[in-house]
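Values quoted throughout were computed directly from the atomic coordinates according to the rules given, and no laboratory measurement underlies them. In this text, all values refer to a predicted model and were calculated from it rather than measured experimentally. Cβ placement follows ideal geometry from the backbone for every residue including glycine, while neighbour counts extend to all protein chains displayed.
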There are 2 protein chains.
Amino acid sequence: MDNDFLVAMGYPGLTARLKRLNDAFVHQTREFYKERDLTIEPNWHMVFLLLEKHEQLTVTEIAEALGLSHPAIVKLTTKMKDKGYISSVKDQKDKRKSQLQLSEKAKKEIPELHIYWDAGVEALKEMMNDNQELLKQLKIVEDHLDEMDYKTRILNHLDL
Amino acid sequence: MDNDFLVAMGYPGLTARLKRLNDAFVHQTREFYKERDLTIEPNWHMVFLLLEKHEQLTVTEIAEALGLSHPAIVKLTTKMKDKGYISSVKDQKDKRKSQLQLSEKAKKEIPELHIYWDAGVEALKEMMNDNQELLKQLKIVEDHLDEMDYKTRILNHLDL
DNA sequence: ATAAACTACGTAATTGGTTACGCAAACATA
DNA sequence: TATGTTTGCGTAACCAATTACGTAGTTTAT
């Protein structure tokens, strides 16, 4: 058996490697939180950061910012509410919306969480040899994907 | 709202971007297959390639090569069997194992599938500006992760 | 002012994966 | 040769996400 088949495959192995790498990060982040008895989950991180920056946001706004479906955000934020990290206020101007914000508990605990998140960033940086090249290369692909989607690109290459 | 919050976040946005990018590729590949009335799924690709290269493999071998759990492979290959792409033979030397291989149908259809997969590779290459820099950068992170896991690295940075 | 279209978001059903468990076969060892 | 341990893999329960759908509220057009 190959040392690493996905790597050996080159280009076609890319997407599986993206998934594998992400799964590893999420898994180990979850382990880390568990070990420290933190009752937060890995995918809450970006929601916390968003709400630190924006004070209040709707479900749809969060979904768009994170590139997830709105039902995903409903579930995620419901859990965060259950744990007391998020409070929601019905929007008075538009009654369909509810504005989500960090609770007092969240604001009190976030400074400690930032210590862990910062350590995570340092760990990441270290694994990336202290440069942003991976991020840059990702951006290139993301930008291309925005310009024209992958399916269309495949079709174009078939017609040649 | 930011143009792209995950990108703006830099390092901490990385894992969410890996997921988002992978999801986009998988989604659009699925759409492509559907449009061409191909009854295959995106994550079968690597299994096809593995079995082209290795003639016959067990569930566990495939799981290890792809970095997935064995139950994932059981489900995936069961579907491929149902569609007639994989046949399995009980291993005579070790009766716990069954050796999976490409069916005749698979061998007949694979040349056509390669046309599509090749177009996909061309599309990918194009999005990566015809270079392997992203793959190289990924490899760096993967190798570091193999050396020492992310959780341990976070802990190390906390102790400083 | 009313009808039509659109938007926000909650819920249900489905999906692709995971961990946990169990059992049978194989292997190692006393 | 019996016995404890490991391995392979199937099944069950669970989980995080998706798509599809319903409904109430908002906006637009006539």
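Assorted remarks:
- For the range A:2-130, alpha-carbon Rg relative to the globular expectation (2.2 N^0.38 Å, N residues): 1.26
- Estimated FRET transfer efficiency when R0 is 25 angstrom, pair A:GLN132-A:LYS53 (beta carbons, to 0.05): 0.75
- Per-residue average of Cβ from other chains inside 10 Å of A:146-153: 6
- Helical mean residue ellipticity (222 nm; -39500 (n - 2.57) per DSSP H run of 4+; nearest 500) of chain B: -21000 deg cm²/dmol
- Listed pairs B:LYS83/B:LYS139; A:LYS53/A:LYS83; A:LYS75/B:LYS83 exceeding 31 Å between Cα atoms: B:LYS83/B:LYS139; A:LYS75/B:LYS83
- With all pairs of different C-alpha atoms in the average, the Kirkwood value for the hydrodynamic radius of the range A:42-109 is 11.9 Å.
- Separation of alpha-carbon centers, the range A:146-160 and the range A:63-107, rounded to whole Å: 37
- This model, with +1 at the C-beta of Lys and Arg and -1 at the C-beta of Asp and Glu, gives chain A a dipole about its Cα centre of some 820 debye.
- Shown for A:LYS139, B:LYS93: other C-beta atoms within 10 Å of each C-beta, ranked fewest to most, produce the order B:LYS93, A:LYS139.
- Shown for B:ARG36: label points 7 Å from Cα along the beta-carbon vector, and their distances to the equivalent points in the other copies, 4.6 nm in ascending order.
- Fewest-first ranking of B:LEU38, A:LEU124, using other Cβ atoms within 10 Å as the exposure measure: B:LEU38, A:LEU124
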